[in-house]
1. By its C-alpha gyration tensor, with a ≥ b ≥ c as the square roots of the eigenvalues, how is the range B:1-41 shaped: rounded for a/c under 1.5, else prolate for a/b larger than b/c, else oblate?
2. Can you list residues whose amide H is under 5 Å from A:Ser41's amide H, if they're 5+ apart or on another chain and H is modeled 1.01 Å from N?
3. Rank B:Leu33, B:Thr60, B:Val84 by how far each Cα sits towards the positive end of the charge dipole of the range B:8-87 (+1 on Lys, Arg Cβ; -1 on Asp, Glu Cβ) and give me just the farthest.
4. In peptide B:102-114, how many Cβ atoms from other protein chains are near each Cβ within 10 Å, on average?
5. For the protein assembly as shown, what is Rg from Cα atoms divided by 2.2 N^0.38 Å, rounded to two decimals?
6. Between the range B:30-108 and the range A:39-53, what is the separation of their alpha carbon centroids in Å?
7. Connecting C-alpha atoms closer than 10 Å in a GNM of chain B, tell me which of B:His39, B:His18, B:His95 has the biggest fluctuation.
8. Consider all pairwise Cα distances in chain B and report the whole-number % of them above 28 Å.
Number of protein chains: 2
Amino acid sequence: MEKQSYTRDNMADLLREHGINPTHQRIEIAYALFGRQEHLSADQIMAVVNDRHSETSKATVYNTLNLFKQHQLIREVIVDPSKVFYDPNTSPHHHFFNLETSELIDIDADAVQIQGLPQLPEGMVTEGVDVIIRIRPGNH
Amino acid sequence: MEKQSYTRDNMADLLREHGINPTHQRIEIAYALFGRQEHLSADQIMAVVNDRHSETSKATVYNTLNLFKQHQLIREVIVDPSKVFYDPNTSPHHHFFNLETSELIDIDADAVQIQGLPQLPEGMVTEGVDVIIRIRPGNH
DNA sequence: CCATTTATTAGACAAAGTCCAATCTTTAGT
DNA sequence: ACTAAAGATTGGACTTTGTCTAATAAATGG
């Protein structure tokens, strides 16, 4: 009874659990993200999904990613000024961002404590805390 | 002897101190950013600078912002998937980001401690640490 | 004041993402 | 299983942010 195998069938279940109608395209997109547990951009996802024969349009990729985001199935990572990355890991965590390769590495948020943050502005509520550590190779 | 007044003349000096040739357009752009001490996007800066009579082209705005960034006069803030904000404050600090208004509020980094971050990947060096607290109005 | 370097510019271009109306799928009810 | 209604997908036009280029303008140092 292995919990963590990312088959297309499991993707369908995962989508249903999140109240999303599992269509072909949605299953493929979910499989692309969860199957490799990587941070991918929309165009990378489209490339993966359309690897052999084209099956999914640009509009559907964007529609689907936004849908997944709304249903808290994935998360956006905003670190690159030119493209958004999508993260299949929704548990609280932070990121190393490799400025040379645009690669992201997860940092579990449980291990990290942040102290001394000022009070939120009046009437405001926290939606999320992102810590991004921008790294590059070499000790200059 | 007031240190912190942001006149156009002071902008010229500031640019020279950073090894930047102070031209008309560069002074205006610096004045727009430092004069109001706000986080502005490229198009907002262009709007400010060309308020009355158009004087500065889009290409120059982008050229100049990138030049300022290279000379560490300003900093990019990447929080919004669709546009970069430019920050005249280069001292280490973090941000509240108002998701409703796209407004940024500085958080002095001196007050904040971050503990428990894992070791950097081998051969990597930190270029910067960004903490972004995404906030929105109302206590749901 | 001239020559050379340095900046600025308009407009073409590129890439990411959105929007729309037409078409195709899926679902639910019978 | 059949059909109507709802939901999903599509190509392509469009928008926005940002880059590039080749031509022009401005500043600088003799």
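FYI, it's all coordinate maths here, none of it is from the lab. Just so it is clear, the model here is predicted, and its values are computed rather than measured. So basically every Cβ, Gly included, is an ideal-geometry build from the backbone, and we count neighbours across all protein chains shown.
1. Numbers: a/c = 1.83, a/b = 1.05, b/c = 1.75.
Note, shape of the range B:1-41 comes out oblate.
2. Hits under the 5 Å cutoff: A:Tyr86.
3. B:Thr60
4. Details: counts 0, 1, 0, 4, 1, 3, 2, 1, 1, 4, 5, 5, 8.
Mean shielding count: 3.
5. On the way: Rg = 21.7 Å, N = 280, 2.2 N^0.38 = 18.7 Å.
Against the empirical 2.2 N^0.38 Å value, I get 1.16 for the protein assembly as shown.
6. The range B:30-108 and the range A:39-53 have Cα centres spaced 33 Å from each other.
7. Comparing B:His39, B:His18, B:His95 in a Gaussian network model of chain B, the most mobile one is B:His18.
8. Working: 2633 of 9730 pairs.
I get 27 percent for the Cα pairs in chain B exceeding 28 Å.
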